[in-house]
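Below is one structure; the comments refer to it alone.
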Amino acid sequence: MLAGWPAWQLNIENKEHELIKARAKEVRKQTGIDKRKKTALVKRLNKKVWFNKMTKAEQDKYINDMLKQK
């Protein structure tokens with residue numbers, strides 16, 4: 001920089017670092033979205049397997065309880 005002074009002491013923004021940070025933020029956001037979608041799918045499938053193992057009476061009770069909650 002100017003006469004050996006670091007950019008942060010002169011309050012100069014480093015555009016390259018800002019671009020890197022912006023790109024990293026986008027990547028982290030997309031990674032989080034993908035992870036959430038995967039987790040929701042796994043939970044839904046686990047719930048379905050669990051639900052299918054129940055007897056018919058237990059399934060009816062579960063459905064009624066869920067409807068009452070809404």
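The table for this structure:
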{"quantity": "With every protein chain in place, the chain: carbon and sulfur % of accessible area (1.4 Å)", "calculated": "60"}
{"quantity": "Accessible area in square angstrom per residue, the chain, 1.4 angstrom probe", "calculated": "100"}
{"quantity": "Helix axis angle, 15-53 relative to the chain longest principal axis, alpha carbon, degrees", "calculated": "10"}
{"quantity": "Spatially near lysine pairs across region 6-67, Cα under 17 Å, sequence gap of 8 or more or different chains", "calculated": "16"}
{"quantity": "Structure-derived Rg and Dmax of the Cα atoms in Å: which label, when the choices are (1) 12.2, 44; (2) 26.0, 81; (3) 12.1, 41", "calculated": "(2)"}
{"quantity": "Phi-based couplings in Hz for region 61-69 (Karplus 6.51, -1.76, 1.60; Gly and Pro marked x)", "calculated": "5, 4, 4, 4, 5, 5, 5, 5, 5"}
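The values are calculated or read from the model by the stated rules, or taken from the named source; none is laboratory data. Remember, it's a predicted structure, so these values are computed and weren't measured experimentally. Each accessible area value is taken on the protein alone, full model and side chains, heavy atoms only, with ligands, DNA and RNA left out. Shrake-Rupley method; radii C 1.70, N 1.55, O 1.52, S 1.80 Å.
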